[in-house]
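Reading through the structure tokens given below for one structure.
Each value in this text was obtained by applying a stated rule to the coordinates, not by laboratory testing. This is a predicted model, so every value here is computed, not measured. Here the Cβ positions follow ideal geometry from the backbone for every residue, glycine too, while neighbour counts run over all protein chains shown.
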Amino acid sequence: MPSIAVRRIYGLAPGSSDSHRVLVDRLWPRGVTKATAPIDEWAKDVAPSSDLRRWYDHRVDRFDEFGRRYRVELGQGATAEAVERLRAIARSQDLILVTATKDVEHSGAEVLRRVLSE
């Protein structure tokens, strides 16, 4: 059974991997060039909306509510279609959700990982 993991882009080794690596941040990570980024694609359409991201502000005390609100966003329109596409990839091979956030455990990427694993 393929796995779904979350990793920071910083320190992620470029090169071949059996895993499909998807950047799931709305903003491009600082200090990383698009030419050398260790990812297979950028799926910014599955990232939390700018309004939700600003409201959350990486405050751990808001993480549960952030997760609830983000799940609602993930079920709507084009975002839901992108989630289903990632789910299909995860059925056939390992998937790594790549993010620039420092606190991976309390990130949108972690919420997305949980959604895709359900």
inquiry  = From the helices alone, meaning DSSP H stretches of at least four residues, give me the mean residue ellipticity at 222 nm for the chain, per-run term -39500 (n - 2.57), in deg cm²/dmol to the nearest 500.
reply    = -11500 deg cm²/dmol
task = Arrange Y70, Y10, Y56 by Cβ neighbour counts within 10 Å, fewest through most, would you?
result = Y10, Y56, Y70
inquiry  = For a distance above 17 Å, tell me the whole-number percent of Cα pairs in the chain that qualify.
reply    = 52 percent
task = Can you check what the net charge comes to around L97, using other residues whose Cβ is under 10 Å from the Cβ of L97 (Lys, Arg +1; Asp, Glu -1)?
result = +1
query = So for the chain, taking the charge dipole from beta-carbon charges (+1 Lys/Arg, -1 Asp/Glu), which of L52, L27, S117 sits furthest toward the positive end?
reply = L27
ask   = Within the stretch 90-118, whose backbone N sits under 13 Å from a point 7 Å along Cα→Cβ of R54?
value = none
